[in-house]
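Quick notes on the structure that follows.
The values are calculated or read from the model by the stated rules, or taken from the named source; none is laboratory data. Since this is a predicted model, take the numbers as computed values, not measurements. Cβ placement follows ideal geometry from the backbone for every residue including glycine, while neighbour counts extend to all protein chains displayed. These area figures cover heavy atoms from the full protein model, side chains too; ligands, DNA and RNA do not enter into them. Shrake-Rupley method; radii C 1.70, N 1.55, O 1.52, S 1.80 Å.
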Amino acid sequence: MLDLFLKKKENMTRDNKVFDLIKEENERQVNGIELIASENFVSPQVMEAAGSVLTNKYAEGLPGKRYYGGCEVVDQVENIAIDRIKELFGATWANVQPHSGAQANAAVMLALLNPGDKILGFDLSHGGHLTHGSSVNFSGKLYQPSFYGVEKETGLINYDVVEETAKKERPKLLICGASAYSRDWDYERLREIADEVGALLLADVSHPSGLIARGLLNDPLEYCHVVTTTTHKTLRGPRGGLIMMRNDFENPMGIKTPKGIIRKVSSLLDSGVFPGTQGGPLEHIIAAKAIAFGEALSDDYMQYVMNVKKNASVMAAAFVEKGYQVISGGTDNHMMLIDLRSKDINGKEAEKALGLADITVNKNMVPFDDKSPFTTSGFRVGTSAVTTRGLAVDDMQRIVNYIDDALMNKDDEAKLTSIKQEINGWMSGFPLFKA
Ligand code: DSN
């Protein structure tokens, strides 16, 4: 479609400078093994919608209540996205406009808190997220953060410690969810803690949301006032975010918030997105979200998330067998955090060596890390992308063998190149983007 458009505009030339780079990135994705836990490969129809004419449309407001004319079509698209995400999670309300997970969290905090209010989140250096109170993020600058972490011996969150911290700090918002925690969450206990101290409970399930949607992990919507997620990780949609509620939506008794007793928290959340933190929604991305949510309702996707989980658990066991320390000893979801302190290599070196072998990971702090976030003592991996690609449990051992081989030969360029060649050959058997 774009080619036709360009042919009509004779004065326009194709911008090869950029398209050549897109081609290069395509090749990188096709040739290598993608293990970044927050990445995935979307379907051709999701990509098509993301690159569609809907990018041309302004639609500030909500379906049926816009500040622009000509929104009849995008209203229908956005309503499909809302209906499908509600069906997927059993939510009673959703806003699909957040441009990202960070934007979703910003909107929730703007809506429910006053500047300077206390928040309690999972420590970034233990696996939490920047937007849960980090001092370099809006959440740590506009609100007063405190944190809970994992226990040194187990790598697990101790909910008694969360309760003690909550009682001491008396936060207005308790945040759960993580970027690098491989275990499930006890949302019921967290809600009890939140109720005990008069806090609202926000779950940011950006990472495992696809597994949650299909019932493979505990359900945060049952207990949390508000749930946010990105749409591009296990959910396998376009880059973006969203906000959902279930039981506390239009609570007849109202919900006690720092802004008083609120009956319709969803209206506050809507206004936290627009006009609070965003302008016009990205309707092309919302169309792509709608398609991805439709896909996530399918039997194929159910099989996919079951495979993601199985692959991750097999991969974690393979790392342990090779003498790597997996934080908490394994995984309940799609990811794991590897502590390299028992090996003669840090996270930065590991990321680099694996990159030269065409295995993409990200270096990651591990709990109680003595190295900086630029160096780190570990790396994080996830199985969402390789599972989309069609790799199965038997392939996980082979990936771990390659990783171990690359790390043990981190300074041997010839060895890393030979691993890369083997991987490129192997991956050519798993075509990603079919014509
Ligand atoms: N969501 C983060 C990740 O897990 O990669 C980035 O913000």
Among 121, 73, 193, which residue has its Cα furthest toward the positive end of the charge dipole of the stretch 54-209, with +1 on Lys/Arg Cβ and -1 on Asp/Glu Cβ? 73
Can you give the FRET efficiency for residue 433 and residue 189, using 1/(1 + (r/R0)^6), R0 = 41 Å, r = Cβ-Cβ distance, to the nearest 0.05? 0.40
I'd like to know which of 165, 252, 365 lies farthest towards the positive end of the charge dipole of the chain, counting +1 on Cβ of Lys and Arg and -1 on Cβ of Asp and Glu. 252
Could you pull out every residue, at least 5 positions away or on a different chain, whose amide H is within less than 5 Å of the one on residue 262? Hs are placed 1.01 Å off N in the peptide plane, and Pro or chain starts have none. 255, 256, 257
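Using a probe of 1.4 angstrom, how much of the accessible area of the stretch 323-435 is carbon and sulfur, in percent? Numbers along the way, then the final one.
Values: 2310 of 4780 Å².
The computed percentage sits at 48.
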With all protein chains present and a 1.4 Å probe, the order of 58, 159 from largest accessible area down is 58, 159
Given Cβ charges of +1 for Lys and Arg and -1 for Asp and Glu, the option among 407, 226, 142 whose Cα lies farthest towards the positive end of the dipole of the chain is 142
Contact order relative to length for the stretch 23-158, counting C-alpha pairs under 8 Å separated by 6 or more residues, stands in percent at 11
What does the helix-only formula give at 222 nm for the chain: each DSSP H stretch with n ≥ 4 adding -39500 (n - 2.57), the total divided by the residues, and the result rounded to the nearest 500 deg cm²/dmol? -13000 deg cm²/dmol
Mind listing the long-range amide H neighbours of residue 93? Cut-off is under 5 Å, sequence gap 5 or more, other chains count too, H placed in the peptide plane at 1.01 Å from N. 245
Check: the stretch 93-192 dipole with +1 on Lys, Arg Cβ and -1 on Asp, Glu Cβ, in debye: 400
Would you tally the net charge around residue 324, using a Cβ to Cβ cut-off of less than 12 Å, leaving residue 324 out, and scoring K and R as +1, D and E as -1? 0
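First measure r as the distance between the Cβ atoms of residue 168 and residue 135, then evaluate 1/(1 + (r/R0)^6) with R0 = 22 Å and state the FRET efficiency to the nearest 0.05. If you can, show how the numbers build up before the last one.
Numbers: r = 19 Å, r/R0 = 0.88.
After rounding to 0.05, the efficiency reads 0.70.
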Counting only protein heavy atoms and rolling a 1.4 Å probe, one gets per residue an accessible area for the chain in Å² of 44
Under 16 Å Cα to Cα from residue 65, which lysines show up? Leave out anything in the same chain fewer than 8 places away. 57
Please report the net charge: other residues with Cβ closer than 15 Å to the Cβ of residue 112, K and R +1, D and E -1. +2
For 297, 391, what's the largest-to-smallest order of accessible area, 1.4 Å probe? 297, 391
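Please figure out what share of the DSSP beta bridges in the chain is antiparallel and state it in percent, rounded to the nearest 5.
Values: 23 of 39 bridges.
Once the DSSP bridges in the chain are tallied, antiparallel ones form about 60 percent.
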Enter the Cα centre distance for the pair the stretch 237-277 and the stretch 195-230, rounded to the nearest angstrom. 14
Distance in nm between pseudo-label sites at residue 153 and residue 408 (7 Å out along the Cβ direction from Cα): 3.3
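Treating only the Cβ atoms of Lys and Arg (+1) and Asp and Glu (-1) as charged, compute the dipole magnitude of the chain about its Cα centre; round to the nearest 20 debye. The partial results should precede the final answer.
Working: 48 positive and 57 negative charges, 196 e Å.
Roughly 940 debye for the chain.
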Long-range amide H partners of residue 117 with built H, under 5 Å: 144
